[in-house]
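Provided herewith is a single structure, encoded as structure tokens, for subsequent inquiry.
The values are calculated or read from the model by the stated rules, or taken from the named source; none is laboratory data. Note that the structure is predicted; figures quoted are calculated from it, not measured. Here the Cβ is made from the backbone with ideal geometry for all residues, glycine too, and neighbour counts use every protein chain on show.
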Amino acid sequence: MLFRQSDDKKDATSLRKLPSRGSRLHSLPAILRGRQFKGGFEIGGLSYELAYAPARASVVGRRLQLQGRLTIKDSRGQTRSRERVRAMVVGTQGGIGTAPPRRQEHTSVATATPQPPEVESTEATSFCGAMYIHFEPLMGSALGVVADLSRVQLNARLAPVDNSERALQAAYSSIIDALYGKQIDTRAAAIEINELNKLLHES
């Protein structure tokens with residue numbers, strides 16, 4: 001009996017000595033401000049600010065892919081950036097309130113469908129209120145973050161406060177309507193992708 005108790009103690013001690021797997025960042029909130037998605041997070045007892053500035057949009061595998069600069073600032077004010085970071089929109093949520101003015105209504109948006117689409121956007125007056133975006137695998141050490149950033153989701157809210165942000169929300173909403181509904185409209189998506197790229201490059 002004493003021998004078994006000794007073994008149990010040894011096993012418990014060895015378990016306590018196992019190396020930890022380290023912190024992993026899974027998701028973080030952000031909001032569209034200007035042309036950037038800005039947010040922040042805390043991990044490992046440290047605080048960080050994040051800004052993702054898309055510079056180019058495209059359609060990859062019938063999904064909206066963004067590419068741009070990712071910047072992270074730590075609590076000491078040190079900033080690290082990486083260019084051409086890819087991010088894929090994997091889901092969306094409809095907005096509540098007044099829809100932003102659309103540049104134009106496409107057939108896919110204005111025509112009602114018998115079944116609701118896969119996103120919360122079912123009418124011509126609907127709009128996108130949030131996008132769920134997966135970053136490509138990132139190296140935390142290169143960005144000054146002591147954590148696993150291999151699969152980070154950005155929960156990006158669209159809550160415009162000026163005309164430029166409303167124009168971006170309208171463009172994102174039109175792309176979502178064209179790509180993420182039950183009926184995909186590649187022609188409408190191409191037109192709106194072009195419009196979004198123009199907005200992303202405005203000075």
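When S173 is evaluated against the numbered criteria (1) of a type in the set (G, A, S); (2) in a helix (DSSP H, G or I); (3) under 16 Å from the mean Cα position of the chain (by Cα); (4) loosely packed, with under 15 Cβ neighbours inside 10 Å, which criterion, by number, is the only one it fails?
Of (1) of a type in the set (G, A, S); (2) in a helix (DSSP H, G or I); (3) under 16 Å from the mean Cα position of the chain (by Cα); (4) loosely packed, with under 15 Cβ neighbours inside 10 Å, only one is false for S173: (4).
So if I check each of L154, L158, which one is under 13 Å from A130 (Cβ atoms), in contact with a Cys (Cβ under 7 Å, 6 or more places away or on another chain) and not hydroxyl-bearing (S, T, Y)? Give the steps one after another, and end with the answer.
Values: L154 fails: in contact with a Cys (Cβ under 7 Å, 6 or more places away or on another chain).
Going through L154, L158 in turn, the sole match is L158.
Only residues in region 47-75 that are within 18 Å of A188 (Cα to Cα) count as the first member; pair them with residues that are assigned to a strand (DSSP E or B) and of a type in the set (D, E, K, R), Cβ under 8 angstrom, at least 6 apart or cross-chain, and list the lot.
Hits for this filter: Q65/R86; L66/R56; L66/R86.
For region 141-162, name all the residues that are assigned to a loop (DSSP other than H, G, I, E, B) and over 17 Å from the mean Cα position of the chain (by Cα).
Step one: of region 141-162, the residues assigned to a loop (DSSP other than H, G, I, E, B) are 144-147, 150-152, 158-162.
Result: G144, V145, V146, A147, V161, D162.
Which one is surrounded by the most Cβ atoms within 10 Å (Cβ to Cβ), of the residues in region 61-91 that are at pLDDT 95 or above and of a type in the set (S, T, Y)?
Among residues in region 61-91 that are at pLDDT 95 or above and of a type in the set (S, T, Y), the one surrounded by the most Cβ atoms within 10 Å (Cβ to Cβ) is T71.
Looking at E202, E136, E120, which is the one that is within 19 Å of R84 (Cα to Cα) and at pLDDT below 85?
On the way: E136 fails: at pLDDT below 85; E120 fails: within 19 Å of R84 (Cα to Cα).
Every option except E202 fails the conditions.
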